[in-house]
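The values are calculated or read from the model by the stated rules, or taken from the named source; none is laboratory data. For clarity, every value in this text was computed on a predicted model and none was experimentally measured. Backbone-built Cβ (ideal geometry, glycine too); neighbour counts: all protein chains shown. What goes into the accessible areas is simple: the full protein's heavy atoms, side chains included, and nothing from ligands, DNA or RNA. Shrake-Rupley method; radii C 1.70, N 1.55, O 1.52, S 1.80 Å.
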Amino acid sequence: MNRVLTFLLIAFSANVFALQDDKTFLDENFNPISDMNRAKYYRTVQQHNENLYYAEVFYLTDLPQMKGHYLDKQITILHGLCTFFHRNGKIESKGDFNNGNRMGVWERYT
């Protein structure tokens, strides 16, 4: 019984540390930085398939700043629906990107 509990505790701890490693801290221009104290935002990325990545950018208050898909591992080419948020967490705008270019009608909220 103790071995099972120890194994579960170790497995849970490993998952918590893995989740923390998925955060990339960003400066005011959304460039990755290693100094967490200078960060203005942080980003998480999940790979959906070999050429599509889902990224979420958050204010340091944990409220969303942006959510969208990218075509590249470097997270530079937006593709598909993208949503931007005000600092209060409410939607600021949303619309589609195609290979990094805005497409169609975009909705803005005040």
Mind counting the residues in segment 58-68 that are under 15 Å from Q47 (Cα atoms) and in contact (Cβ under 8 Å) with a residue 24 or more places away in the chain? 1
Please list, ordered by first then second residue, the pairs with beta carbon atoms under 7 Å, 6 or more apart or interchain, first in segment 28-49 and in contact (Cβ under 8 Å) with a residue 12 or more places away in the chain, second assigned to a strand (DSSP E or B) and among the acidic types (D, E). R43/E56; T44/E56
Residue tally, condition of a type in the set (A, V, I, L, M) and open to solvent by 50 Å² or more (accessible area, probe 1.4 Å), over segment 46-61: 1
Regarding K73, is this residue open to solvent by 90 Å² or more (accessible area, probe 1.4 Å), modelled with pLDDT of 95 or more and basic (K, R)? no
Of the residues that make up segment 38-51, is at least one within 27 Å of F97 (Cα to Cα), part of a strand (DSSP E or B) and at pLDDT below 90? yes
Which pairs do you get when a residue that is farther than 24 Å from T76 by Cβ, found in segment 94-110, comes within reach of a residue that is modelled with pLDDT of 95 or more and surrounded by fewer than 10 Cβ atoms within 10 Å (Cβ to Cβ), reach meaning Cβ atoms under 6 angstrom, with the pair 6+ apart or on two chains? none
